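Heads up, the thing below is written out as structure tokens.
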Amino acid sequence: MSSGSNLTSVAQIYKRKYSDDEIGDQVMREHPLYQRIRKIGGFTGDSGGKAYLIKTGNPQGVSSTLAAAQASVSGSAGKQPKAVRTVKFGVITLSAEAMMACEGDGAFYDLVTGETDGIIEEYGDSCAFDLYRDGTGARGRVSSINGQVLTLTNADDVRNFKEGMTIVGDNNSSGASPNPGSASVDSIDEDSGTITLEAGGVAAANIIANDYLFRNGDGGACVEGIALCTPLTAPTAGDSFRGIDRSSNVRRLAGVRINDTGNTIEYNIGRAAVAAKQIGRAQDEFYLNPINFFAIQQRQNAKIEYDGGGDITAGVQSIQIPTAAGMLKLVSDADCPTNRGYGMLMKEHYIWHMGEFPHVVRDDGKPSMRQIADDGIEIRIRGWWNYIQRRPGNFSVIAI
């Protein structure tokens, strides 16, 4: 099979199987919040950012007398932060040798779709991870090093790494000044809280104890997710969030926070829900890591509900709990950090994107893929997006 026929055959597979809608569906599977949150297009404009409105107050022309109402007229209060698009790419290559070695059309199809499905799944994992976090892309921090074995300060962070992932280190949590060099992850051990790098990887990536770890290229370049929009630490004077200072009206601009691990998770969820209701509308969903979700479900002896069809493995697992602000749906989401929980009013936040989200790169006039120098084929997917809260006061975070 010639390289030209390889390209043609792969193009036909992509035309049949990988439309932008199909890719969008695939990347969101098994990621409850990423799947359920609204996606709104039209995120156009220059690279300096596009403004959106956060309303913090209604018009105030109200009084017991007409004259006083007229004298008290004022417009709605609010801020206009500017959101900047972030981009994420996914790339796979199919070597000419691997394609030529396929015995028959079936094996060729399996090679193409197997590799493509894998990068789509990994792309979705990365976007869902970013959605919950603060934009820095930090995946863990090194506590100690023994040879090529890195022990992380938080053992649970090991799940943020994948075999074969290329990582870099930085002594700054922002990822703004990465160490020279990079290394590939050889293996991971969730039970011991360690990751092992390829031979010589620690020296190649110049990683030392207390360094933060990032996927190569992600440092400071990821979507500004929930952890930044609803921070556990309240913004103070001088805060700069998308061009605004949120310290002027903390709850309405940066949400509710409960940093108290001395009480049960359920109690703090209720406190957060009440605090959000006092300044806005009742929350309708609260997202927790499955470990914490299961602990609450057992304590409450609550019946787990499944949304999303007959196949419960593909659905969203939830339970209902009462709060003084109304019934709240608790949703189990493995992308949520184990040490945080997030309350939301689902209609008041969304993913803002440009173009199909994500999509196969075709705008260079080439058919979904391109021939590369080593006679293989490269396939690219891409998405531009950011995370938006229209009314941050309806959102909350609790420490766990």
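Projected label points at E378 and A324, each 7 Å from Cα along the beta carbon direction, are separated by 5.9 nanometres. The helix-only estimate of mean residue ellipticity at 222 nm for the chain, built from DSSP H runs of length n ≥ 4 each weighted as -39500 (n - 2.57), is -7500 deg cm²/dmol after division by the residue total.
Helix 3-17 and the longest principal axis of the C-alpha atoms of the chain enclose an angle of approximately 30°. Relative contact order for the range 145-213: 40 percent, from Cα pairs under 8 Å spaced at least 6 residues apart, divided by residue count. Taking 0.36 nm per residue of sequence separation and removing the Cα-Cα distance, the S192/R29 pair yields an extension gain of 55.8 nm. Each of Y34, S76, G24 was placed along the dipole of the chain (beta-carbon charges, centred on the mean Cα), and the one lying farthest toward the positive end is S76. If you average the C-alpha positions of the range 280-300 and of the range 140-204 separately, how far apart do those two centres end up, in angstrom? The range 280-300 and the range 140-204 have Cα centres spaced 31 Å from each other.
Rounded to the nearest 0.05, what FRET efficiency do S47 and E163 have when you use their Cβ-Cβ distance and R0 = 30 Å? Could the numbers behind the result be given before it?
Numbers: r = 35 Å, r/R0 = 1.16.
Computed FRET efficiency for S47 and E163: 0.30.
Among the listed values [x] 43, 21, 20; [y] 40, 26, 22; [z] 44, 34, 18, the one matching semi-axes √(5λ) of the Cα gyration tensor in Å as calculated from this structure is [y].
If R0 is taken as 25 Å, the Cβ-Cβ distance between K39 and L232 corresponds to a FRET efficiency of 0.40.
Helix 105-131 and the longest principal axis of the Cα set of the chain meet at an angle near 30°. Here K303 is the anchor, and the lysines within straight C-alpha reach of less than 19 Å, apart from those fewer than 8 places off in the same chain, are K329.
Given R₀ = 30 Å, what would the calculated FRET efficiency be for A334 paired with V84, taking r from the Cβ atoms and rounding to 0.05?
0.60
Placing unit charges on the Cβ atoms only, positive for Lys and Arg and negative for Asp and Glu, gives the chain a dipole magnitude near 2460 debye about its Cα centre. Using a cut-off of 18 Å between Cα atoms, the listed pairs K39/K162; K79/K277; K55/K79; K55/K347 include K39/K162; K79/K277 as exceeding that distance.
In a DSSP loop and with at most 16 other Cβ atoms within 10 Å, the trypsin sites (Lys or Arg not before Pro) in the range 65-174 are K162. Simple rule: put +1 on each Lys or Arg Cβ and -1 on each Asp or Glu Cβ in the chain, find the dipole, and look at A295, L213, S95; the Cα lying farthest toward the positive end is A295.
Mind checking the full-extension length gain between A302 and T93? Use 0.36 nm per residue of separation minus the Cα-Cα distance, one decimal, nm. Write out the running numbers ahead of the final one.
On the way: separation 209, 0.36 × 209 = 75.24 nm, distance 4.70 nm.
Separation in residues times 0.36 nm, less the Cα-Cα distance, equals 70.5 nm.
Roughly how tilted is helix 290-300, in degrees to the nearest 10 and between 0 and 90, from the longest Cα axis of the chain? Long axis of 290-300 versus the principal axis of the chain: about 50 degrees.
Each reported figure results from applying straightforward, stated rules to the coordinates on display, with no laboratory input. All values reported here derive from a predicted model rather than from experimental measurement. Reconstructed Cβ throughout: ideal geometry from the backbone, glycine too, with neighbour counts over all protein chains shown.
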